[in-house]
Amino acid sequence: MALAFDEFGRPFIILREQDQKTRLRGIDAQKANIAAGKAVARILRSSLGPKGMDKMLQGPDGDVTITNDGATILEQMDVDNQIAKLMVELSRSQDYEIGDGTTGVVVMAGALLEQAERQLDRGIHPIRIAEGYEMASRVAVEHLERISQKFEFDISNYEPLVQTCMTTLSSKIVNRCKRSLAEIAVKAVLAVADLERKDVNLDLIKIEGKVGGNLEDTELIYGILVDKDMSHPQMPKQIEDAHIAILTCPFEPPKPKTKHKVDIDTVEKFETLRKQEQQYFDEMVQKCKDVGATLVICQWGFDDEANHLLMHRNLPAVRWVGGVELELIAIATGGRIVPRFQELTAEKLGKAGMVREKSFGTTKERMLYIEHCANSKAVTIFIRGGNKMMIEETKRSIHDALCVARNLIRNKSIVYGGGAAEIACSLAVDAAADKYPGVEQYAIRAFAEALDSVPMALAENSGLQPIETLSAVKSQQLKVREYPFYGIDCNDVGTNDMREQNVFETLIGKQQQILLATQVVKMILKIDDVISNSEY
Amino acid sequence: MPIDKIFKDDASEEKGERARMASFIGAMAVADLVKSTLGPKGMDKILQSTGRGHSVTVTNDGATILKSLHIDNPAAKVLVDISKVQDDEVGDGTTSVVVLAGELLREAEKLVTSKIHPMTIIAGYRMAAECARDALLKRVIDNKENAEKFRSDLMKIAMTTLCSKILSQDKEHFAEMAVDAVFRLKGSTNLEAIQIIKKPGGSLRDSFLDEGFILDKKIGIGQPKRIENAKILVANTAMDTDKVKIYGARVRVDSMTKVAEIEGAEKEKMKDKVNKILAHGINCFVNRQLIYNFPEELFADAGVLAIEHADFEGIERLGLVTGGEIASTFDNPESVKLGHCKLIEEIMIGEDKLIHFSGVEMGQACSIVLRGASHHVLDEAERSLHDALCVLSQTVNDSRVLLGGGWPEMVMAKEVDELARKTAGKKSHAIEAFSRALVAIPTTIADNAGLDSAELVAQLRAEHHNEGCNAGIDVISGAVGDMEERGIYEAFKVKQAVLLSATEAAEMILRVDEIITCAPRRREDRM
């Protein structure tokens, strides 16, 4: 209805140039949206679980990414459809909030949409479906809470944490050495964690990668790694017990912010200017030396002359260090970032037990290790791997593992993985459905069925008979009501008791998955009119 | 219900079998491309650039070939990438790694068509790679203790590496050079200290290793051509007009006389600087930046040899060999460390004059002068020598060596085969396939040499049935022979890197079940 009339009978236009726009309304709009959402979920479905496959993505500039991380796949896919974009957002918000389960959340949303379509065909109003989903999700989340278990760990006994991280890593290409990587991730998180406040600032963990070597060489460095080398090739390559001056001012004569001109009109002025200039450099270097610094880390470059003066006074220096790295160095060494030479004092220096330069491979790549810092609250995970894509993928996997460890420190509750939690929820939701008198009952049942799709996908990807396996596990769970630990045996270990297999997931991760997926699906269901500009 | 398109206009999506096929075919195409360059009798490729000048490169270095390809297939890019990493990390085996990865994928393709799930193949490959590495570890030779033997090992490795390159005619000569150069480094892997100078003319045999340091520069006019017991100041400073570094300063004068005065002061300033430099008591001054005529004249007057425009690496190397520090300020002559050398002289190589520093304090750095008929030959010679140097410097650190000529592959294949027999389940097919892929390398070497590969490999396999056998393919005589006797050795580190990264790459490609290609970024139309 593009044309309407106001109370005086004058026509006015609601939607301009309607013939140039495509418009989908009512049930058609919902169907189209659902189809788009399902299409996105279908892409990710085969990446779920430990036996999930990877996707190869070729970016707009021809660069290749190989990954099975849901968030990364969707981000790089560069989708055009609006609903597909919503799904991308969904996976991204799971990534921001929890860091893991980005694939699962999209698969879940896809399944919910699929079920919703079936209910729509039955003639149930979309709003009723949305409400039913909402109720069901509440039931599921509560049930998760109930079946969750606290698990105990502390600094000395972090084995349970490692086990959980291993569950996350086992679905990635790095699962060859998941044990060592999980240990690295857990140690890193514990090193920076504030156990009293139950908080972890993941910014303090820096992940660096360098091509070469193999995955087994990946290491955790209690300190900072900077991809820079000493400014002067002849400076010492190793400094013990370093006092570090962290500067954000260049080794150059000052540049006043106000515009000014120094006019030189006599020979005398020329001479004094020259002297002053030399003095500047001398003073700056002297200042660093006076406060007792044995290493200068500078955000800016410095002049050849300053460089030599530093070298001459035996003061090693690193230049062009990025702002983020500078901050990390400051945190790790307990130093202060000094914006002006005048403010440089002995207290503001950072301290590190050892600073050394290390070279790699046959090319002249060097990196600077800053270790044994005063405050070991900043660590670096240094990844090695056969090729660039491998390193990128390892970075993503480690990030996921770090997030999981962090979530566990925040909240010690866990649920069992391998689809066990979903199956338990599905049973609970199904049982709860009968209690609701309205039409929502159907939607709630549909929700329960959608929950089944996650273990189904797991079984499918692992090469098991999906329906057979799922029904077997379900009946097992039903038989022993208080024992919701049966899941899909993806790794072909021989048991489907997830407690024995040590497959955990975090409670908040799972809850978030269900809540986020439900929210997005509700949003999609409520859309009944899609107006888009047709091809220009 | 029509499914709306999800992707942007030009994007494409390939799924399941099709995606797998696309990546297998791409990867195999790349592997086949470089396959014919493998081994001592491998052929070369001509690469013509599309850029201006259509410059031509002739090479059989896998990494160089792959680097110059424009590839659109994502899986092929993975292979190019591993070859590049191999080059950076160990320097040699760049072709082998691609060929092995290609063979692994070829075998995997057969398994996939016979309905074995890629994940099962990966599991099998992993087990096989682990087993193959252990097999190699069992048979490594380590002569680190025995210096003389170690040196001969290195010689043999260098010769093995070089025999597949253009330098194979004079491989002994070059191997000797490379080993000498690497030994001078005393364990460091910093290959920058070895300078390679290419001068067209003469033949490859005329190339030589110089213990001193050669700088590809001319001596200024009117300055001494030969200095004994030189004291060298290595500097990085502006020797034109010293720019005023104080921000916003400018010269503003109101009369011509003033201009002259300022100019005089400027000249005076430069003179001061030169005097300060001279106060170091030097007789040779090497600067990274330009030296203008005026200071050059002043240096000439003082009888000091001044060399301008030595590039940054040249400066660094010079600092390294002569033990001097790179100076930029000259106010404290007594504390600046000067470089020393016994003799500086101008030498002629071919038609060019070069400056030769001999009798330097620290023997770490050295120069290799390559001579050859054309630029192409020289470029290829440099690449080959670089490969050899890389391998050697890595071997100095990790002194484990293996026999060559397809011997390691056969050893691995035998062990892997045995593992396949012991393993239950579908995995054993994948493990068997792994061993077939390993055997493909000696097969290719034989094929490239125009030998009867089927016959030779079968013979080799029979020989390897005996415990502790040293048989490999001797391409020169075209028969199976004892590799230890023929002195064909390879570095363990190279073989290990080839094995592991090829498996890793194959695994990565196998895991893919969908390829999504984004719409290419639109270029701004400049029309």
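Here is how the numbers come out for the structure above:
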item: Total residues in region B:310-345, condition of a type in the set (A, V, I, L, M, F, W, C), surrounded by fewer than 17 Cβ atoms within 10 Å (Cβ to Cβ) and modelled with pLDDT of 70 or more; result: 1
item: Pairs where the first residue, in region A:448-476, is closer than 22 Å to residue A:112 by Cα and the second is of a type in the set (Phe, Trp, Tyr), C-beta under 6 Å, 6+ apart; result: A:473/A:486
item: Matching residues, region A:28-37, being within 10 Å of chain B (Cβ to nearest Cβ), touching an Asp or Glu at 6+ places or on another chain (Cβ under 8 Å) and more than 17 Å from residue B:516 (Cβ to Cβ); result: A:31, A:32, A:34, A:35
item: Residue count, region B:126-148 (criterion: in contact with an Asp or Glu (Cβ under 6 Å, 6 or more places away or on another chain) and assigned to a helix (DSSP H, G or I)); result: 2
item: Hits in region B:452-479 (condition: surrounded by 15 or more Cβ atoms within 10 Å (Cβ to Cβ), closer than 19 Å to residue B:436 by Cα and in contact (Cβ under 8 Å) with a residue 12 or more places away in the chain); result: B:456, B:457, B:459, B:460, B:461, B:463, B:464, B:471, B:472, B:473
item: Test for residue B:376: is it surrounded by 16 or more Cβ atoms within 10 Å (Cβ to Cβ), within 12 Å of chain A (Cβ to nearest Cβ) and at pLDDT 75 or above; result: no
item: Filter pass, residue B:490 being within 14 Å of chain A (Cβ to nearest Cβ), of a type in the set (D, E, K, R) and in contact with a Leu (Cβ under 9 Å, 6 or more places away or on another chain); result: no
item: Checking residue A:282 against (1) acidic (Asp, Glu); (2) surrounded by 18 or more Cβ atoms within 10 Å (Cβ to Cβ); (3) within 10 Å of another protein chain (Cβ to nearest Cβ), the condition it does not meet; result: (2)
item: Residue satisfying all of: in region A:49-61; in contact (Cβ under 8 Å) with a residue 60 or more places away in the chain and surrounded by fewer than 24 Cβ atoms within 10 Å (Cβ to Cβ); farthest from the other protein chains (Cβ to nearest Cβ) among these; result: A:50
item: Residue within region A:493-503 that is closer than 15 Å to residue A:49 by Cα and touching a Ser or Thr at 6+ places or on another chain (Cβ under 7 Å) present; result: yes
item: Residue in region A:411-433 that is assigned to a loop (DSSP other than H, G, I, E, B) and over 25 Å from residue A:109 (Cβ atoms) present; result: yes
item: Qualifying residue in region A:320-334 (condition: within 14 Å of chain B (Cβ to nearest Cβ) and either without any contact (Cβ under 8 Å) to a residue 12 or more places away in the chain or more than 26 Å from residue B:234 (Cβ to Cβ) (or both)); result: no
item: Members of region B:43-63 found to be touching a residue at least 60 places away in the same chain (Cβ under 8 Å), under 19 Å from the mean Cα position of the chain (by Cα) and surrounded by fewer than 19 Cβ atoms within 10 Å (Cβ to Cβ), listed by number; result: B:44, B:58
item: Boolean, residue A:101 is under 24 Å from the mean Cα position of the chain (by Cα) and within 14 Å of another protein chain (Cβ to nearest Cβ); result: no
item: Residues of region A:178-201 that turn out to be of a type in the set (A, V, I, L, M, F, W, C), under 15 Å from the mean Cα position of the chain (by Cα) and surrounded by fewer than 17 Cβ atoms within 10 Å (Cβ to Cβ), as a count; result: 0
item: Hey, residue B:95 away from chain A (no Cβ under 14 Å), in contact with a strand residue (DSSP E or B) (Cβ under 9 Å, 6 or more places away or on another chain), crowded, with 19+ Cβ neighbours inside 10 Å and more than 30 Å from residue A:460 (Cα to Cα) or not; result: no
item: Residue that is farthest from residue A:299 (Cα to Cα) [pool: residues in region A:322-360 that are surrounded by fewer than 21 Cβ atoms within 10 Å (Cβ to Cβ) and polar (S, T, N, Q)]; result: A:359
item: Matching residues, region A:66-77, being facing chain B (nearest Cβ under 9 Å) and touching a Gly at 6+ places or on another chain (Cβ under 8 Å); result: A:68, A:76
item: Hits in region A:214-250 - residues which are at pLDDT below 80, buried (at least 18 other Cβ atoms within 10 Å of the Cβ), of a type outside the set (A, V, I, L, M, F, W, C) and under 25 Å from the mean Cα position of the chain (by Cα); result: A:214
item: Residues being within 22 Å of residue A:194 (Cβ to Cβ), part of a loop (DSSP other than H, G, I, E, B) and modelled with pLDDT of 80 or more - total across region A:327-377; result: 3
item: Filter result for residue A:297 (in a strand (DSSP E or B) and either farther than 26 Å from residue B:315 by Cβ or β-branched (Val, Ile, Thr) (or both)); result: yes
item: Criterion: polar (S, T, N, Q), over 29 Å from the mean Cα position of the chain (by Cα), farther than 19 Å from residue B:406 by Cβ and within 14 Å of chain A (Cβ to nearest Cβ) - qualifying residue of B:120, B:113; result: B:120
item: Positions within region A:251-266 being crowded, with 17+ Cβ neighbours inside 10 Å and either modelled with pLDDT of 75 or more or within 8 Å of another protein chain (Cβ to nearest Cβ) (or both), in sequence order; result: A:252, A:253, A:264
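Okay, residues lined up against (1) part of a strand (DSSP E or B); (2) in contact (Cβ under 8 Å) with a residue 12 or more places away in the chain; (3) over 30 Å from residue B:17 (Cβ atoms):
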{"position": "A:9", "(1), (2), (3)": "no, no, yes"}
{"position": "A:23", "(1), (2), (3)": "yes, yes, yes"}
{"position": "A:66", "(1), (2), (3)": "yes, yes, no"}
{"position": "A:74", "(1), (2), (3)": "no, yes, no"}
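To keep it simple, each residue is scored yes or no on (1) assigned to a loop (DSSP other than H, G, I, E, B); (2) within 24 Å of residue A:102 (Cα to Cα); (3) touching a Ser or Thr at 6+ places or on another chain (Cβ under 8 Å).
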{"residue": "A:456", "(1), (2), (3)": "no, yes, no"}
{"residue": "A:464", "(1), (2), (3)": "yes, yes, no"}
{"residue": "A:470", "(1), (2), (3)": "no, yes, no"}
{"residue": "A:488", "(1), (2), (3)": "yes, yes, yes"}
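For every residue, the table says whether it meets (1) part of a helix (DSSP H, G or I); (2) among the charged types (D, E, K, R).
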{"position": "B:371", "(1), (2)": "no, yes"}
{"position": "B:377", "(1), (2)": "yes, no"}
{"position": "B:384", "(1), (2)": "yes, no"}
{"position": "B:387", "(1), (2)": "yes, yes"}
{"position": "B:393", "(1), (2)": "yes, no"}
{"position": "B:401", "(1), (2)": "no, no"}
{"position": "B:408", "(1), (2)": "yes, no"}
{"position": "B:413", "(1), (2)": "yes, no"}
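The values are calculated or read from the model by the stated rules, or taken from the named source; none is laboratory data. Quick caveat, the model's predicted, so the values are computed rather than measured. FYI the Cβ positions are ideal-geometry reconstructions off the backbone, even for glycines, and counts take in every protein chain you see.
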